[in-house]
1. Tell me yes or no: at least one residue of segment 250-268 is more than 30 Å from L323 (Cβ to Cβ) and either charged (D, E, K, R) or in contact with a strand residue (DSSP E or B) (Cβ under 7 Å, 6 or more places away or on another chain) (or both).
2. Please go through segment 229-271 and pick out each residue that is touching a Cys at 6+ places or on another chain (Cβ under 7 Å) and more than 30 Å from Y128 (Cβ to Cβ).
3. Starting from residues that are over 27 Å from A297 (Cβ atoms) and in contact with a strand residue (DSSP E or B) (Cβ under 8 Å, 6 or more places away or on another chain), keep the ones in segment 674-716 and report whichever is surrounded by the most Cβ atoms within 10 Å (Cβ to Cβ).
4. Go through segment 366-388 and report how many residues are in a loop (DSSP other than H, G, I, E, B), of a type outside the set (A, V, I, L, M, F, W, C) and crowded, with 19+ Cβ neighbours inside 10 Å.
5. Checking the condition surrounded by 14 or more Cβ atoms within 10 Å (Cβ to Cβ), hydroxyl-bearing (S, T, Y), under 27 Å from K2 (Cα atoms) and within 36 Å of the chain's Cα centre (by Cα), which residue from T237, T161, T149 passes?
6. Given the residues V113, V70, which is the only one that is crowded, with 21+ Cβ neighbours inside 10 Å and either in contact with a His (Cβ under 8 Å, 6 or more places away or on another chain) or not polar (S, T, N, Q) (or both)?
7. Hey, does segment 670-680 have a residue that's of a type in the set (S, T, N, Q) and in contact with a Lys or Arg (Cβ under 6 Å, 6 or more places away or on another chain)?
8. Being closer than 28 Å to Q464 by Cβ and in contact (Cβ under 8 Å) with a residue 24 or more places away in the chain is the filter here; which residues of segment 510-537 pass it?
Amino acid sequence: MKDFYSQYAGDELWFIKETEWVRTLQNIRESQFAQGNGYLGTRGILEEIPYDAIPGTYITGLYDKMGSQVDELVNLPNPINFRFTIKGEKLDVIAMDTIWHKRILNMKKAVLVRHTLYKDAKGRQYDYQSLRFLSFHNKNIGVMQIALTPLDAGCVLDINTGIDTSVSNMGGISEGRKRHFRVRELGQSHNAGYLVIDTLEKKHTVVFWAGFSYELNGRKIFAKDNVFRLRVKKNQTLIFTKIFCMKHFPYQENHSSYKNDAFKIFYKAFRTKFSILLDAHMGAWQKLWKRSDVVIAGTANLQQNLRFNIYHMLICAHCDEGLSSIGARSLSGEGYRGHIFWDAEIFLMPFYLFNLPRVAKNMLLYRYKRLNKARELAKKEGFKGAKFPWESAGVGTDETPAWAKDFDGTIIKIHTHQQEHHITADIAYAIYKYYVVTGDEKFMQRCGYEMIFEAARFWASRVQYNRKKKKYEINQVMGPDEFHRDVNNNAFTNMMAKWNLITAHRLFCTLKVKQSSVYKRLKGKLDLKEKEVASWKRTASAIAITIKKNKVIEQFDHFCRLKSVRLDRTDENGIPLIPASLKAKGLGKTQLVKQADVLMLLYLLDDVFSLRTKIANYNFYIQRTVHKSSLSPSIHAISAIEAGDLHRAYNLFNVSLRTDVSNLHGNTPEGIHAASLGGTWQAAVFGFAGIKVKKEKLFINPRMPRTWNTMIFSLLWRQNLVKLELTNHTIAIKAISSQKKPVEIGVFDRIMALKPNKRYVFERKVGRYKEGYHY
């Protein structure tokens, strides 16, 4: 039997695959095999939609609240719907016997390829092959092709390939499944079907167009309907090609112009050869991978899994002037309702910042477009400036649900939105990091300075002065470690607030001297007085931080008085197990930590703390951390590298790497963990490759496992493309630039002035590096 799509199944280092049908893995595979182009996202369902499948079709930034506690990402009608029946028997992995089944997600080309051999109740076999993709060349277009051959006898084939409107969003704890759209119009025109829907709150209209053709005996026929019947001979192959278009618009009563606009996009693709559409899509992905691939020589399985993490970040990459950002489960599922957390700026954004800075800028523009809502939130809670919401969706209001499931399955009341105020400083930090890496002054003038100043205003009003201690305190908060709520002076929160205030003060003073027109405009727009700005620096200098004599930073007031718990057992991945005698609700009375808190602080503010302080805190907190968040292993891996605990670093990196490839948290069916994707990339690049931004300069000092022969990747640094080939002892570097000015980069901790477009090879001085034999 001819293998129609064998050319897309050649290089194992670029594949994620399933080699048999396992029903219990169906929903996991749907998340793992998700496809997207930043605008559209679809789960990797089988085209026949088997029983228990969870179809998911999403448009970034499209939310609706009707029937829910809070706004949630809308699960839209499913265009990946192609069903065949033969004498009432459906070609389906559950309804028929499956002799063999294989699917490959080719991450290099971003195509999903399938080959299934079915056997019906009478023992007759049918060969089914398919390929599909969401075009990165034209982000409104999706394409799928199916080749079907009856092997033992001719048959009459019933075909149904409409757009499935029976989908719904997953139910929450106190909600059943619900549908967030209503059908406005549907019909047939120009040998294609169309569907117009509105979200229930009437914020968005979405127009679908879909059409398909089939090839029989060398003839291409455009189908006039999406439900019809064909007679097929034995060993005769029918090739079906379906093109669909999805485009959303602001709601309006008369949608005819929207229908026409979407039709023009659809019809151009519909009349284009399948091969041309596919080549354009693969060409776009070739450019993406050229920019963002990280090659680790000598590690086949690890290389494959790292590309899985990068692939899932690339399918979220989108630029729409800040209309959307990237949710906690990307566009691969409805976990966390598609909301935007601090994950976006702290975990995901660095990947885009160094590879696709326009996407990083878009994520920050998302916050800027909702700055007024952040101001309203601060004012509502009695503060000044802007307080960004813990969970954000469409318009920028806080969308944190009241209740959720804890990691042990118990139902708990949610306090994060009331107490995890650190997100405001996290966003300010991300803005400044973007500025340092890109040098994008125009963005800062338009948006960045304003957001940093308004965040500083929030912190200046949030602190409380303790006259007895002569310190400013930030009370009743929750740090990244969410086991402990309603604490005082969380070190992460206090230090990030302190950094925010100091940085805002410095930027304001710099503007006054160097950009007087921008200074005057912002001063007037924000009604900023010099006296107020001066107070930011004074306040910052007196913010409370408790550092013990042994250099350990106390996570919050009286943390060290809590019950110390010995963690004697680990799971198969080396992750500590919480003693069975401890219940989730009692963890706040212990020193056990959910995820990086103090260590996250030391990572983000790397310049501020000495190596001795970092090692002391790593040794203290690593014994207390249970990693009950996908955000945790990657940051601890980086901390472990710096502390010299390389065996643990490699283990934690592998846990982060395999979070969704191996469904380590048991909830991959809800979507891919976006923060873990970004954290994994940071552990590889900022950790093992030793990339750091110190004192606003780029440094490279690799500390790779012995089994990694080389790391090859590139980064964008201030509009220069820095190409790197690293071993533990050598750094080969070339800074590609259109400018003649030398590029200053730290190589093995020494600043070098590199001539643009010239390749250099530097060797580590003998005695500066100690080989590690811990892996």
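1. First, the residues of segment 250-268 that are more than 30 Å from L323 (Cβ to Cβ): none.
No, every residue in segment 250-268 fails to be more than 30 Å from L323 (Cβ to Cβ) and either charged (D, E, K, R) or in contact with a strand residue (DSSP E or B) (Cβ under 7 Å, 6 or more places away or on another chain) (or both).
2. Scanning segment 229-271 gives a single hit, A262.
3. Taking segment 674-716 as the starting set, the residues that turn out to be over 27 Å from A297 (Cβ atoms) are 674-675, 694-697.
From what is left, the residues that are in contact with a strand residue (DSSP E or B) (Cβ under 8 Å, 6 or more places away or on another chain) are 694, 697.
Values: K694: 11, K697: 13.
The selected residue is K697.
4. Residues of segment 366-388 in a loop (DSSP other than H, G, I, E, B): 369-370, 381-388.
Now restrict to residues that are of a type outside the set (A, V, I, L, M, F, W, C): 369-370, 381-382, 384-385, 387.
Filter once more, so that each one left must be crowded, with 19+ Cβ neighbours inside 10 Å: 370, 385, 387.
Looking only at that region, the number is 3.
5. Working: T237 fails: within 36 Å of the chain's Cα centre (by Cα); T149 fails: within 36 Å of the chain's Cα centre (by Cα).
Checking each option against the conditions leaves just T161.
6. Working: V70 fails: crowded, with 21+ Cβ neighbours inside 10 Å.
Matching residue, one of V113, V70: V113.
7. First, the residues of segment 670-680 that are of a type in the set (S, T, N, Q): 676, 680.
Filter once more, keeping what is in contact with a Lys or Arg (Cβ under 6 Å, 6 or more places away or on another chain): none.
Within segment 670-680, not a single residue is of a type in the set (S, T, N, Q) and in contact with a Lys or Arg (Cβ under 6 Å, 6 or more places away or on another chain).
8. Residues of segment 510-537 closer than 28 Å to Q464 by Cβ: 522-523, 526-537.
L522, L526, L528, E532, V533, A534, S535, W536, K537, listed by residue number.
The values are calculated or read from the model by the stated rules, or taken from the named source; none is laboratory data. As the structure is a prediction and not an experimental result, all values here were calculated from the model. Neighbour counts run over all protein chains shown; Cβ positions are idealised from the backbone, glycine included. In case anyone asks, the SASA skips ligands and DNA or RNA and just uses the protein heavy atoms, side chains included. Shrake-Rupley method; radii C 1.70, N 1.55, O 1.52, S 1.80 Å.
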